[in-house]
Amino acid sequence: MTTQLDAWAALLIGLLGAGHCIAMCGGVAAAFSMAIPASQRRWNWLYLLSYNAGRIVSYSLAGALVGGVFASLADVSLGKQGLVLLRVLAGVMTILLGLYLARWWFVLLRLEKLGNGLWRHLKPLAGRFVPFRHPLAALPFGMIWGWLPCGLVYSALTWSAVAGGALEGARVMALFGIGTLPTLLALGGLAGQLRHWLNHPGFRQASGILLISYGLFTLYQAFSLFY
């Protein structure tokens, strides 16, 4: 069962993963802006909120799926050692994310290829909703883009795996999605200066160090369960 601290770790991953969001979602933000009719640009914030709500819904569904599946496995076959190993995985993924954000090691990018097969089938569906006719049309668009292969999302999902159930897993990923909002809103044009700050080398390295530290703390917690 995940602790309250673990749940908020997912929020931290979303907040500190700004550099990765900028690299992954810059093209999405450009396409999103083009999909809003010129006559509706004054309502840009409504479209942005709708799109991001869709993303968070998809993240929550993924968290519920992962949390529910691993909770069932724990009841049937994993036992204490299996749960500890899942916690080790969460810690390792957090460290890898920290190394990526600080631009010290990019192995996390290789994991993003895992979802390419599913994404090839989902991406064309997003085109059916553009150009947007009204803000709610951005909701399903965001839900589809929520399944974009992303190492940041995969790191957060490992915390859903140790959450202890579907509802807990959904809560973890909802917090993660909320954590990504400042960056995605900035990419949407609401705060250009914020985008500059989030991608600053100093912010990226500080974010990486914080995540690496929490990942090491998680590993310490996991290994201490053996003694």
note = Measuring from its Cα centre, the stretch 91-146 shows a charge dipole (+1 at each Lys and Arg Cβ, -1 at each Asp and Glu Cβ) which, in debye to the nearest 20, is 180
request  = Give me the accessible area of His134, 1.4 Å probe, in Å² rounded to the nearest 10.
outcome  = 90
query = Got a sec? Charge dipole of the stretch 53-136, +1 on Cβ for Lys and Arg, -1 for Asp and Glu; which of Phe132, Asn116, Ser60 is way out at the positive end?
reply = Phe132
key: Share of carbon and sulfur in the accessible heavy-atom surface of the stretch 110-150 [1.4 Å probe, %]   = 64
query = To the nearest µm²/s, what D does Stokes-Einstein give for the stretch 121-178 at 25 °C and 0.890 mPa s, using the Kirkwood radius over alpha carbon pairs as Rh?
reply = 191
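The values are calculated or read from the model by the stated rules, or taken from the named source; none is laboratory data. Treat the numbers as computed from the prediction; the structure is a model and nothing was measured. Glycine gets a Cβ as well: all are built from the backbone with ideal geometry, and neighbour counts include every protein chain shown. These accessible areas exclude ligands, DNA and RNA; they are computed on the full protein's heavy atoms, side chains included. Shrake-Rupley method; radii C 1.70, N 1.55, O 1.52, S 1.80 Å.
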